[in-house]
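Presented below is the structure to which this report refers.
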Amino acid sequence: MRRHENAHARSREHALPFGRLQPSFLRLSSTIRSSARSVAAEPTSEAQEDTSRTVDEFKLPRMSCLCTMILCNVFLQLSFFVVVSSSNEYAKHLGGTSTFSGVVIGIPTAVSGLALLPIMKYDRNGYKIPLHIACASAILGHILYALAYKTNFLYLILIGRMVNGIAFTSFMYTKKYCSDSRVVGIRRRTTLASWLVMGQGVGMTLGPFAGGLLFKIGFANPIFNGFTSPAWIMAIVWLGFWIFSAVFFEDPPAPATRATPLSPLPAPQEDPSVPPSTDVSTAALIPEDDDTHRMTPGRWGVCVCMCWFAMTCFFVLGAWEANLPVFGAASPTFRWTAFGAGNFIALGGICTFPFLLLNLLVARRIQDRKLLLFGTSVGFAGLAIFLALLNTGAVRYGSLFVCWFAVALGFNLASTVTLSLLSKQLPPEWNGRTSLAIQYSNYTGRVTGAIWGGSGVAVGMSNYVGLEIAIVGIGAALFLTFWRSLKAKTG
């Protein structure tokens, strides 16, 4: 009996260490299983992050909101260009000159540049308030422009266009919307910018044609006639658009504030010789993505290059649109009326349309810098050919049309990528500043280009084209210098 009890005690003593170790083995087994689950979950988490990132890169805004901004751009372009074909005759009828006509065409963008900063101060990082301001000032500006004929007051057309300039602040907001990371993915910005350029083509085509056609019809009426009818019609169009935008447009959601929680790291308790730690993780105090918010020399180069090309495109386009009616009327070869000049400008715009439509598809697959290179090269070729024609005295309707077509197509294509490329290079939080920089460059080009185009005959047509070639040449030097830095995602 005693022998049996001693054997039982010895077996219990042998089993005791295993009993003590059993909880440790269980804890180790649980740790291994949880680690395995964590490792197995990592690929799934990474795949979900990649999918989410891809979806964000291709996201688009609501169709009603996108249509509102694209239509706004079209009507702004029409408002800008509808007076181009007849403003020279209108100014002369009221006692002005061709240079004054160029000022009338270009002054809205100067006013827009002055009005833009105050409007941005109160826009609440949205688009509804600027849309309401644009619609109201466009209606009032067109009415004042039309009333200049009845009052026989030359400067009223200038005042009307200056009020229109407040509406033209929305040029910046349409561009900003198409690069706003809250609603547009990085691989859709150039595509939406191509839609804006399509609207630019509509304005450049339909605006001068409609203005010239209405001038030819005449309407023998002191209120509604060839000079004033484009403005009255655009005032009605803007009233209808104001109602549409108020009903269908919604501002993007406010960006969520990113906060990094600060939590103490638990200290291991297994080793009693190590005192407990309550230090706060210093990693949480380091700003996230600090490098992405630093302006490197390459980024500065991209900013300067894109701003220069934004100015160049609109300088050349604005100069040609203002110069063609003046040059055509002064040239003994053409002797154009406002109707003839409007038709010529519109014909060039119509012929660019198939290529602008093709650009909508190509922009998704070709790098922005290559599209910029192609557009600038085509536009430069048009300028060089026109200069050669002027020096040889061989300017005819067909040869002038080829030059105008190349200029219109090339610089419209080049203007597609200025903001989209810059927004891809810089953090999304800087979208407001990049949009502002590009828009002020556009304004500078539009104002100086329109005045330069109106003065082209007075300063000499060779000098007129020579300055444009020099400006494009400076852009080409910048482009080649920062070619590597201009690489960005397609789409």
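Looking at Thr352 and the list (1) surrounded by fewer than 22 Cβ atoms within 10 Å (Cβ to Cβ); (2) under 30 Å from Phe58 (Cβ atoms), which single condition is not satisfied?
(1)
So, in segment 309-366, exactly how many residues are among the hydroxyl-bearing types (Ser, Thr, Tyr) and in a helix (DSSP H, G or I)?
2
Which residues, counting only those in segment 478-491, are buried (at least 17 other Cβ atoms within 10 Å of the Cβ) and either without any contact (Cβ under 8 Å) to a residue 12 or more places away in the chain or assigned to a helix (DSSP H, G or I) (or both)?
Leu478, Phe479, Ser485, Leu486
Collect the residues in segment 163-205 that are part of a helix (DSSP H, G or I), modelled with pLDDT under 95 and of a type in the set (A, V, I, L, M, F, W, C), keeping them in residue-number order.
Once the filter is applied, which keeps residues that are part of a helix (DSSP H, G or I), modelled with pLDDT under 95 and of a type in the set (A, V, I, L, M, F, W, C), segment 163-205 yields Phe171, Met172, Leu192, Ala193, Trp195, Leu196, Val197, Met198, Val202, Met204.
Please enumerate the residues belonging to segment 76-133 that are of a type in the set (D, E, K, R) and not in a loop (DSSP other than H, G, I, E, B).
Of the residues in segment 76-133, the ones of a type in the set (D, E, K, R) are 89, 92, 121, 123-124, 128.
Hits for segment 76-133 are Glu89, Lys92, Lys121, Lys128.
Scan (1) part of a helix (DSSP H, G or I); (2) in contact (Cβ under 8 Å) with a residue 40 or more places away in the chain; (3) within 22 Å of Leu131 (Cβ to Cβ) for the single condition Ile243 breaks and write down its number.
(2)
Residue-by-condition table, conditions (1) of a type in the set (Gly, Ala, Ser); (2) touching a helix residue (DSSP H, G or I) at 6+ places or on another chain (Cβ under 7 Å):
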{"residue": "Trp430", "(1), (2)": "no, no"}
{"residue": "Arg433", "(1), (2)": "no, no"}
{"residue": "Ile438", "(1), (2)": "no, yes"}
{"residue": "Ser441", "(1), (2)": "yes, yes"}
{"residue": "Thr444", "(1), (2)": "no, yes"}
{"residue": "Val465", "(1), (2)": "no, yes"}
{"residue": "Ile471", "(1), (2)": "no, yes"}
{"residue": "Phe479", "(1), (2)": "no, yes"}
{"residue": "Leu486", "(1), (2)": "no, yes"}
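Cβ-Cβ below 6 Å, separation at least six or inter-chain, first residue in segment 201-225 and free of Cβ contacts under 8 Å to residues at least 12 places away in the same chain, second of a type in the set (Ser, Thr, Tyr) and assigned to a helix (DSSP H, G or I): which pairs?
Phe219/Ser229
Determine, yes or no, whether Ser112 is over 18 Å from the mean Cα position of the chain (by Cα), crowded, with 18+ Cβ neighbours inside 10 Å and among the polar types (S, T, N, Q). Working first, answer last.
Numbers: over 18 Å from the mean Cα position of the chain (by Cα): no; crowded, with 18+ Cβ neighbours inside 10 Å: yes; among the polar types (S, T, N, Q): yes.
Taking the combined requirement at face value, the residue does not satisfy it.
Does Thr337 satisfy being surrounded by fewer than 22 Cβ atoms within 10 Å (Cβ to Cβ) and hydroxyl-bearing (Ser, Thr, Tyr)?
yes
Based on what the data block shows, is Phe380 part of a helix (DSSP H, G or I) and either under 21 Å from Thr481 (Cβ atoms) or modelled with pLDDT of 95 or more (or both)?
In short, yes.
Can you name the residue in segment 319-328 that is of a type outside the set (Asp, Glu) and modelled with pLDDT under 90 and is also surrounded by the fewest Cβ atoms within 10 Å (Cβ to Cβ) among such residues?
Per the stated criteria, the residue is Val326.
Of all residues in segment 405-443 being among the aromatic types (Phe, Trp, Tyr) and buried (at least 22 other Cβ atoms within 10 Å of the Cβ), which is farthest from the chain's Cα centre (by Cα)?
The initial filter retains those residues of segment 405-443 that are among the aromatic types (Phe, Trp, Tyr), namely 405, 411, 430, 440, 443.
Then keep just the ones that are buried (at least 22 other Cβ atoms within 10 Å of the Cβ); that gives 411, 443.
Details: Phe411: 15, Tyr443: 13 Å.
Filtering first and then ranking leaves Phe411.
Tell me, please, whether a residue that is under 15 Å from Ala384 (Cβ atoms) and in a helix (DSSP H, G or I) can be found in segment 410-433. Walk me through it before giving the result.
At the first step, the residues of segment 410-433 found to be under 15 Å from Ala384 (Cβ atoms) are 410-411.
Imposing the further condition that a residue be in a helix (DSSP H, G or I) reduces the set to 410-411.
Scanning segment 410-433 turns up at least one residue that is under 15 Å from Ala384 (Cβ atoms) and in a helix (DSSP H, G or I).
Which of the numbered conditions does Lys175 fail, given that it passes all the others? Conditions: (1) under 25 Å from Gly240 (Cα atoms); (2) in contact (Cβ under 8 Å) with a residue 40 or more places away in the chain; (3) surrounded by fewer than 23 Cβ atoms within 10 Å (Cβ to Cβ).
Going through the list (1) under 25 Å from Gly240 (Cα atoms); (2) in contact (Cβ under 8 Å) with a residue 40 or more places away in the chain; (3) surrounded by fewer than 23 Cβ atoms within 10 Å (Cβ to Cβ), Lys175 breaks only (3).
From the list Ala363, Ala388, Ala310, which one is out of contact with any Cys (no Cβ under 7 Å at 6 or more places or on another chain), free of Cβ contacts under 8 Å to residues at least 24 places away in the same chain and over 30 Å from Phe227 (Cα atoms)?
Ala388
With in contact (Cβ under 8 Å) with a residue 40 or more places away in the chain and closer than 27 Å to Pro118 by Cβ as the only criterion, which of Gly445, Gly475, Gly454 stands out?
Values: Gly475 fails: closer than 27 Å to Pro118 by Cβ; Gly454 fails: closer than 27 Å to Pro118 by Cβ.
Going through Gly445, Gly475, Gly454 in turn, the sole match is Gly445.
Do any residues in segment 410-422 that are closer than 19 Å to Lys489 by Cβ and at pLDDT below 90 have Cβ atoms under 6 Å from those of residues that are acidic (Asp, Glu) and outside any loop (DSSP other than H, G, I, E, B), where the two are at least six apart or on different chains, and which pairs are they?
From residues that are closer than 19 Å to Lys489 by Cβ and at pLDDT below 90, the pairs are Val417/Asp368; Leu421/Asp368.
I'd like to know if segment 153-162 contains one or more residues that are part of a helix (DSSP H, G or I) and of a type in the set (Phe, Trp, Tyr).
yes
From the set of residues in segment 205-229 that are among the polar types (S, T, N, Q) and under 18 Å from Asn152 (Cα atoms), which is farthest from the chain's Cα centre (by Cα)?
Out of the qualifying residues, it is Asn221.
Just checking, does segment 446-458 include any residue being within 12 Å of the chain's Cα centre (by Cα) and of a type outside the set (Asp, Glu)?
Here is the first cut: in segment 446-458, the residues within 12 Å of the chain's Cα centre (by Cα) are none.
No, segment 446-458 has no match at all.
Return a yes/no flag: does segment 385-393 have any residue that is modelled with pLDDT of 90 or more, more than 24 Å from Ser455 (Cβ to Cβ), part of a helix (DSSP H, G or I) and not hydroxyl-bearing (Ser, Thr, Tyr). I'd like the intermediate steps shown before the answer.
Step one: list which residues in segment 385-393 are modelled with pLDDT of 90 or more, which gives 385-392.
Imposing the further condition that a residue be more than 24 Å from Ser455 (Cβ to Cβ) reduces the set to none.
No: segment 385-393 contains no residue that is modelled with pLDDT of 90 or more, more than 24 Å from Ser455 (Cβ to Cβ), part of a helix (DSSP H, G or I) and not hydroxyl-bearing (Ser, Thr, Tyr).
The values are calculated or read from the model by the stated rules, or taken from the named source; none is laboratory data. Given the structure is predicted, the values throughout are model-derived calculations rather than measurements. Ideal geometry is used to build each Cβ from the backbone, glycine not excepted, and the neighbour counts take in all protein chains shown.
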